[in-house]
């Protein structure tokens, strides 16, 4: 069994849903359309810029570092653990 941390797109979607926000509601304070937010969450924008990630973190009322923590962009993330 292996453990793989969430991807950034999965974490963005999870954090948004935990806050009870639609994609349109989440994007509104930062001027991002529902369509744009949808593309980030679905990975159609596979490598969002740090500026975009910072704007998304702001919209979710969290620090950018907290949004990145545990994802593939976390520089402090340990390697995946494989249990055999």
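Every number here is computed from the coordinates shown, using simple stated rules; none is lab data. Since the model is a prediction, treat every value here as computed from it, not as a measurement.
Quick one: helix 8-18 against the long Cα principal axis of the chain, what's the angle to the nearest 10°, folded into 0 to 90? Rounded to the nearest ten degrees, it is 60. Dividing the summed -39500 (n - 2.57) terms of all DSSP H runs of n ≥ 4 by the residue count of the chain sets its mean residue ellipticity at 222 nm at -13000 deg cm²/dmol.
Between the Cα long axis of helix 50-59 and the first principal axis of the chain there is an angle of about 70°, rounded to the nearest 10. Full extension of the chain segment joining residue 44 with residue 76 gains 9.0 nm, where the gain is 0.36 nm per residue of separation less the Cα-Cα distance. Relative contact order, whole percent, for the chain stands at 44, derived from Cα pairs under 8 Å and 6 or more residues apart.
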